[in-house]
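Undergrad: One structure coming up, written as structure tokens, with questions to follow.
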Amino acid sequence: MYLKHLKITNFKNIAQFDQDFNRINCFVGNNGVGKTNILDAIHYLSFCKSYFTNSDFDSIKSGEDFFSVSGLCVGNNNIENYCCTLQRTGKKVFKHSDKAYSRHSEHIGKLPSVIITPGDHNLIDGSSETRRKFVDVSISQHDNTYLKTLICHNKALSQRNKLLKDCKSGAALDMVMMQIVEEQIAAYSAAIQQKRKDFFEDFSVPFSRYYSLIAGEGEQVSLDYKTYSGDILSLLQESRDKDLILGFTTKGTHRDDLVFCLNHNPVKTFGSQGQQKTYLLALKLAQFDYLCSKLKTKPLLMIDDIFDKLDFQRVNMLLKLIADKRFGQIFITDTHQSRIEELIDNELRDCTKIFKL
């Protein structure tokens, strides 16, 4: 997949951006000039939402009434045009070749991408929700059925939580509806669990390989998927009394977690800062490989302002890895143009474009 052209209007602090891209694209400039926001605009074209903010309206430039992000993409000998617009007084509209999607979820996977940012440390020290999202985003970009199942599961879970909350507030419990919703959750959960297990089988090998390439031999890494192995319907029924008291669903697939281990110990607790950074890089590069194998195309790779956070050895190894032809189009941000120019190998200069912001 190749993003040939990107046009941005009134997105965050970017009034206008209208440029063609090369295989390797570097955005350099001081903090606050909009480097990260360009990557976030590309992320919008991939996922119909920002990577960094939860509210779409926060992405509209201050003082403006709308934003627009459009991209011309090339893949599988086809040229595709994608455009996302949001009016401050209206709803978000996402179009493919001037035709609006009826559901934004239909677009996921059309422009696959992987993004590496300084905030990725939340994968290790953040909540289980962050780690589940990493898994779900990886699978959803190649498996639309999984995405639909996940959406249906979350909808049914919300319905159960509403029944619990209403009952806690004094309403009578609708047992017929509760049983229907719990059966739905159980069915969706079984499908989700199986897909996640399949993901870890495919993902673990490239993850271990990338960790060894970056850190060297001598350390053993593993991923442990924590999920309930019994019958989900029975679990929901057994937890119902407690859930009625608390007003929400306490157990189920939505509580799954991923434990990152280093030499058989949680990396969150026993890993050094350097080991944790290597772990995160390996996770994201393995995500790239996983998507390549499933999609039979190369996702976009975005690397946001991480060189200041890594030592020279890790930076050098990362750049050697991504310079390999198995990686496709790459977008990098940095505050120092001289560092970018120093790090870019002579063989890559002809396919590299530097944008000074």
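Please treat every number below as a calculation from the coordinates, not as lab data. On a predicted model such as this, the values are computed, not experimentally measured, just so you know. Counting neighbours? That spans all protein chains shown, and the Cβs are built from the backbone with ideal geometry, glycine included.
Undergrad: So how do SER222, SER59 line up by other beta-carbon neighbours within 10 Å, fewest first?
TA: On the way: SER222 15, SER59 22.
Sorted ascending by nearby Cβ count, the order is SER222, SER59.
Undergrad: Something else: Can you give me the long-range amide H partners of LYS353? Hydrogens built in the peptide plane at 1.01 Å from N, cutoff under 5 Å, separation of 5 or more residues or another chain.
TA: Distant-sequence amide H within range of LYS353: ASN22, ILE24, ASN25, CYS26.
Undergrad: Rounded to the nearest 0.05, what FRET efficiency is calculated for GLN87 and SER222 with R0 set to 41 Å and r the Cβ-Cβ distance? Please report the intermediate quantities before stating the final value.
TA: Details: r = 48 Å, r/R0 = 1.16.
Rounded to the nearest 0.05, the efficiency is 0.30.
Undergrad: Explain nothing, just the number: dipole magnitude of the stretch 286-349 about its Cα centre with +1 on each Lys and Arg Cβ and -1 on each Asp and Glu Cβ, in debye rounded to the nearest 20.
TA: 460 debye
Undergrad: List the trypsin sites (Lys or Arg not before Pro) within the stretch 117-197 that fall in a DSSP loop (any state other than H, G, I, E or B) and whose Cβ has at most 10 other Cβ atoms within 10 Å. Walk me through the numbers on the way to the answer.
TA: Working: sites: ARG131, ARG132, LYS133, LYS148, LYS155, ARG160, LYS162, LYS165, LYS168, LYS195, ARG196, LYS197; in loops: none.
Within the stretch 117-197, no trypsin sites (Lys or Arg not before Pro) qualify (loop, at most 10 other Cβ atoms within 10 Å).
Undergrad: What's the exposure ranking of LEU318, LEU357, going from fewest to most Cβ atoms within 10 Å?
TA: Working: LEU318 22, LEU357 15.
Least crowded to most crowded, the residues run LEU357, LEU318.
Undergrad: Compute a Gaussian network model of the chain, connecting alpha carbons closer than 10 Å, and tell me which residue from ASN154, ASN265, ASN76 fluctuates the most.
TA: ASN76
Undergrad: If each Cα of the stretch 75-151 is one equal point scatterer, what is log10 of I(q)/I(0) from the Debye formula at q = 0.20 Å⁻¹?
TA: -1.06
Undergrad: Right, another one. Mind pulling up the Rg/Rh value for the stretch 123-296? Radius of gyration and Kirkwood radius, both on Cα. Please list the in-between numbers first.
TA: Values: Rg = 18.6 Å, Rh = 17.7 Å.
Ratio value, two decimals: 1.05.
Undergrad: If amide H atoms are built 1.01 Å from N in the plane of the peptide, which residues on other chains or at least 5 residues away come under 5 Å of the amide H of VAL221?
TA: ASN263
Undergrad: Something else now. What does the extension gain come out to for ILE151 and VAL176, with contour length at 0.36 nm per residue minus their alpha carbon separation?
TA: On the way: separation 25, 0.36 × 25 = 9.00 nm, distance 2.23 nm.
Once the chain is fully extended between ILE151 and VAL176, it gains 6.8 nm.
Undergrad: For the chain, with a Gaussian network of springs between Cα atoms less than 10 Å apart, report the residue from GLY247, GLY75, GLY230 with the top mean-square fluctuation.
TA: With Cα springs under 10 Å in the chain, the top fluctuation among GLY247, GLY75, GLY230 is at GLY230.
Undergrad: Another question about this same structure. Taking a point 7 angstrom from the Cα of ASN78 along the C-beta vector, which residues in the stretch 130-148 have backbone N less than 18 Å away?
TA: 141-145
Undergrad: Along the charge dipole of the stretch 142-214, pointing to its positive end and built from +1/-1 on Cβ of Lys, Arg, Asp and Glu, which listed residue (PHE200, LEU213, ALA171) has its Cα farthest out?
TA: Value computed over the given set: ALA171.
Undergrad: Using helices alone, what [θ] at 222 nm do you get for the chain, with -39,500 (n - 2.57) per DSSP H run of 4 or more residues, divided over all residues and rounded to the nearest 500? Provide the component values of the computation, followed by the final result.
TA: Numbers: 10 runs with 156 residues, N = 357.
So the calculated ellipticity at 222 nm is -14500 deg cm²/dmol.
Undergrad: Go through the stretch 82-91 residue by residue and turn each phi into a ³J(HN,Hα) via Karplus (6.51, -1.76, 1.60, θ = phi - 60°); whole Hz please, and just put x for glycine and proline.
TA: Residue by residue, the stretch 82-91 yields 10, 9, 10, 10, 9, 8, 4, 9, x, 10 Hz.
Undergrad: Same structure again: Tell me the volume per residue, in Å³, of the convex hull enclosing the alpha carbons of the stretch 10-91. Present the calculation step by step, with values, prior to reporting the outcome.
TA: Values: hull volume 8.8 nm³, N = 82.
Dividing the Cα hull volume of the stretch 10-91 by its residues yields 107 Å³.
Undergrad: Right, next: Given R₀ = 30 Å, FRET efficiency for LYS296-ALA15 by Cβ-Cβ distance, to 0.05? Each step should come with its number before you reach the end.
TA: Working: r = 38 Å, r/R0 = 1.27.
That gives a FRET efficiency of 0.20.
Undergrad: Separation between the PHE200 and LYS95 pseudo-spin-labels, each 7 Å from Cα along Cα→Cβ, expressed in nm?
TA: The answer from the label model is 4.4 nm.
Undergrad: Of the candidates SER46, SER140, SER229, which one comes out as most mobile in a Gaussian network treatment of the chain with C-alpha springs shorter than 10 Å?
TA: SER229
Undergrad: According to a simple spin-label model (label point 7 Å from Cα along Cα-to-Cβ), what is the distance in nm between GLN273 and SER105?
TA: 4.1 nm
Undergrad: What full-extension length gain, to one decimal in nm, is calculated for ASN122 and PHE312 as 0.36 nm per residue of separation minus the Cα-Cα distance? Mind showing how you got there, number by number?
TA: On the way: separation 190, 0.36 × 190 = 68.40 nm, distance 2.29 nm.
Difference between extended and current length: 66.1 nm.
Undergrad: Could you list which residues have their amide H under 5 Å from that of PHE11, counting only those 5 or more apart in sequence or on another chain, with H placed in the peptide plane?
TA: Sorted by chain and number, the residues that satisfy this are LYS61, SER68.
Undergrad: I've got another one for you. Whole Å is fine, so just give me how far the alpha carbon centre of the stretch 189-236 lies from that of the stretch 105-147.
TA: 14 Å
Undergrad: Give the residues of the stretch 19-56 whose amide nitrogen is closer than 18 Å to a point set 7 Å from the Cα of HIS336 in the direction of its Cβ.
TA: 26-32
Undergrad: May I pose another question? Using θ = phi - 60° and the Karplus relation 6.51 cos²θ - 1.76 cosθ + 1.60, list the HN-Hα couplings for the stretch 53-69 in order, rounded to whole Hz, with x at every Gly or Pro.
TA: Coupling constants for the stretch 53-69: 10, 7, 8, 4, 5, 5, 8, 7, 4, 4, x, 10, 9, 7, 9, 9, 10 Hz.
Undergrad: Lys and Arg at +1, Asp and Glu at -1: add these up for the other residues within a Cβ distance under 12 Å of VAL259 and post the number.
TA: Values: positive: ARG131, LYS226, LYS268; negative: ASP224, ASP256, ASP257.
Spelling it out: positives minus negatives among the neighbours equals 0.
Undergrad: Run the numbers for TYR2 and LYS162: contour at 0.36 nm per residue of separation, minus the present Cα-Cα distance, in nm.
TA: Details: separation 160, 0.36 × 160 = 57.60 nm, distance 4.35 nm.
Extra length available between TYR2 and LYS162 comes to 53.2 nm.
Undergrad: Listing GLU342, GLU129 from the residue with the fewest other Cβ atoms within 10 Å to the one with the most, what is the order? All intermediate terms of the calculation are to be shown ahead of the outcome.
TA: On the way: GLU342 8, GLU129 13.
With the sparsest Cβ surroundings first, the list reads GLU342, GLU129.
Undergrad: Each residue of the stretch 296-302 in order: what ³J(HN,Hα) in whole Hz does its phi give by Karplus 6.51 cos²θ - 1.76 cosθ + 1.60, θ = phi - 60°, with x for Gly and Pro?
TA: Result, ordered by residue: 6, 8, 9, x, 5, 10, 10 Hz.
Undergrad: With the dipole of the chain worked out from charges on the C-beta (+1 for Lys and Arg, -1 for Asp and Glu) around the Cα centre, which of ALA323, CYS292, ILE108 lies farthest toward the positive end?
TA: ILE108
Undergrad: At R0 = 41 Å, how high is the FRET efficiency between ASP58 and VAL259 if r is their beta carbon distance? Nearest 0.05 is fine.
TA: Given R0 = 41 Å and the Cβ-Cβ separation, E is 0.80.
Undergrad: To continue, here is another question. Apply the Kirkwood formula to the stretch 1-137: the hydrodynamic radius equals the inverse of the mean of 1/r over all pairs of different alpha-carbon atoms; give it in Å with one decimal. Don't skip to the end; give the middle numbers.
TA: Details: mean 1/r = 0.0631 Å⁻¹.
Final number for the Kirkwood radius of the stretch 1-137 is 15.9 Å.
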